[in-house]
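Have a look at the structure below, then the notes.
The values are calculated or read from the model by the stated rules, or taken from the named source; none is laboratory data. These numbers come from a predicted model, not from an experiment. As a convention, Cβ positions derive from the backbone with ideal geometry for all residues, glycine included, and neighbour counts pool all protein chains shown. Each accessible area value is taken on the protein alone, full model and side chains, heavy atoms only, with ligands, DNA and RNA left out. Shrake-Rupley method; radii C 1.70, N 1.55, O 1.52, S 1.80 Å.
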Amino acid sequence: MTIPPQVASDGQQPTRRRTPPAELPDLLPGEDRRFGQSLFVDLVPRSCWFTNVRSCVARKDWDRLRLMIYERAGNRCEVCGTAPGASGKPRLEAHERWNFDEATRTQTLKRLICLCSNCHMVTHFGFAQVRGLEAQALAHLLKVTGMTETQGWRHVQSAFLTWQQRSAHLWELDLSILTTAGITLAPPPSARDRATVADQTLTSRTGSGTPNR
């Protein structure tokens, strides 16, 4: 005998309850929270622009990740200690810290860090330039680190030299600290295609191309 499915009182089939996703651990498997603790200009190679964690995970998983990152940091910037508050204060943002293996040309995600929008602007100094925010980014770098203006510019120039050297190569992404935490990734563009994606995205957001410094 076949047992008919249960029907709700309004005649509609009852909806199935979805199993909520497992909570993310405060420390992702293989994550190193000591990696890249200070404020510094942290430029990813040109071919890797805009191919980041946020672009490789579903929106719901990105929200889970960033909220976990904010909460474990006590809802404060992990570099300067700023907390979001009244209108006009910097907001909190999630940022990736990468390790670059020159031998294998592999860009490995080592850590996710909670930064305020000002520290995040310094980190992406090239993007700050094309948005006309170079002076603000430099001022915040000097304020947080205690560098002189000369030291600050030397730091920026050194970061761009490293960026130029790394941008001469194609890099493979290693996001294994996410997959081992149960997060499903959307396949990123191939290493060869990411440079085109980067240029198109930058142009659409700013109307200009590669930073000139």
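For region 28-165, the solvent-accessible area with a 1.4 angstrom probe is 47 square angstrom per residue. Report the one residue of V79, Q37, M68 whose Cα lies farthest in the direction of the positive end of the charge dipole of region 33-80 (charges on C-beta: Lys and Arg +1, Asp and Glu -1; origin at the Cα centre). Comparing the listed Cα positions along the dipole, M68 ranks first. Which lysines, on any chain, are close to K143 with Cα under 23 Å apart, when same-chain ones fewer than 8 places away are left out? Hits, sequence-local ones excluded: K89.
Going by a ≥ b ≥ c, the root eigenvalues of the Cα gyration tensor, does region 84-162 fall in the rounded group (a/c under 1.5), the prolate group (a/b larger than b/c) or the oblate group?
Numbers: a/c = 2.12, a/b = 1.25, b/c = 1.69.
Judged from the Cα gyration tensor, region 84-162 comes out oblate (a/c at least 1.5, b/c at or above a/b).
A DSSP coil position with no more than 10 other Cβ atoms inside 10 Å describes none of the GluC sites (Glu not before Pro) in region 128-175.
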